[in-house]
Amino acid sequence: MSEVTIARQAIAHRGKHLEYFTIAWNTLEGLIGVGAGLFAGSISLVGFGMDSFIEVTSGATLLWRMSVDKDVERRERNEKLSLRIVGICFIALALYVAYEAISDLARKSAPAHSIPGIALACVSLVVMPILSRAKKKVGNALGSAAMNADARQTDFCVYLSVILLAGLVLNAALGWWWADPVAALIMVPIVAKEGVDGIKARTCCE
């Protein structure tokens, strides 16, 4: 076995560990986000939590892709299929969040303040950039479009955290009830674009 092959296997192994962490972290983040969002009546927080569950799906498909890294043909097939599976999930999330946010605005439904949601967004702003950088290193080393797309989704989680935090803080500090559904609507085109790119099997590296 050549040194290049051994080095690639070591990098792929690191990629698997990153995806295991992604699955564990986003499962916890999703449970907290959806739970706190339903309790507070916050669509932006529910949407953020559901995005975390999509990240779990992405992590699982990346593990599947890493499992066939030695097989070039299967690797390329799994790359595209992984991107499309996650893309469909994002499109479904965008439609759900748009519907619920518009409904909340029409009903003038005011969400309760959510301290757990604010704390979750703050922690995510610390963890996600670190995880994204690690994934990009692995993706570039392996030449993996799917891993780089997964890293991009982690960056995307950072953007959602900023939007979520703004909506929750404005609602809690100033009583702007509409800030939450508006924050959710701002998420929609970002989520939808990620979904379309995934379905078309486009990535940031193409």
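The values are calculated or read from the model by the stated rules, or taken from the named source; none is laboratory data. These numbers come from a predicted model, not from an experiment. Cβ coordinates were reconstructed from backbone atoms using ideal geometry, including for glycine residues, and neighbour counts include every protein chain displayed. Remember, those area values only see protein heavy atoms, side chains included, never the ligands or the DNA or RNA. Shrake-Rupley method; radii C 1.70, N 1.55, O 1.52, S 1.80 Å.
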Once both label points are put 7 Å beyond Cα along the C-beta direction, the A92-W176 separation in nm becomes 3.3 nm
Under a Gaussian network model of the chain whose springs join Cα atoms within less than 10 Å, the largest fluctuation of G175, G33, G15 belongs to G175
Within the set L18, L164, L38, GNM on the chain using Cα springs under 10 Å gives the largest fluctuation to L38
Plugging the Cβ-Cβ distance of A106 and L81 into 1/(1 + (r/R0)^6) at R0 = 41 Å yields, to the nearest 0.05, a FRET efficiency of 0.60
Labelled set (1) -0.50, -0.67, -1.03; (2) -0.59, -0.77, -1.18; (3) -0.47, -0.68, -1.22; log10 I(q)/I(0) by the Debye sum over Cα atoms at q = 0.11, 0.13, 0.17 Å⁻¹ computed from this model equals the value at (1)
Label model pair A119, K137: point-to-point distance (7 angstrom along the Cα→beta-carbon line) in nm is 3.1 nm
Of 181-192, 103-114, ordering from highest average Cβ density within 10 Å down gives 181-192, 103-114
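What size of dipole, in debye to the nearest 20, comes out for the chain about its Cα centre when the only charges are +1 on Lys and Arg C-beta atoms and -1 on Asp and Glu C-beta atoms?
Here the size comes out at about 380 debye.
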Across A98, A149, A134, the residue with the highest GNM fluctuation in the chain (Cα network, 10 Å cutoff) is A134
Taking Cα atoms only, helix 3-40 is inclined relative to the longest principal axis of the chain by an angle, in degrees rounded to 10, of 10 degrees
To the nearest 10 degrees, the tilt of helix 72-107 (Cα long axis) against the first principal axis of the alpha carbons of the chain is 0 degrees
Per residue, accessible area of the chain with a 1.4 Å probe, heavy atoms of protein chains only, in Å², comes to 47 Å²
Checked against the positive end of the charge dipole of the range 105-186 (+1 on Cβ of Lys and Arg, -1 on Cβ of Asp and Glu, about the Cα centre), the farthest of A173, P116, A149 is A149
In whole Hz, the Karplus estimates of ³J(HN,Hα) for the range 122-136 (6.51, -1.76, 1.60; θ = phi - 60°; x where Gly or Pro) are 5, 5, 4, 5, 8, 6, 4, x, 5, 5, 4, 4, 5, 5, 5
Counting only protein heavy atoms with a 1.4 Å probe and every protein chain in place, the carbon and sulfur fraction of the accessible surface of the chain in whole percent equals 69 percent
The range 111-206: spread of alpha-carbon positions along the three principal axes, whole Å, largest first, is 48, 26, 13
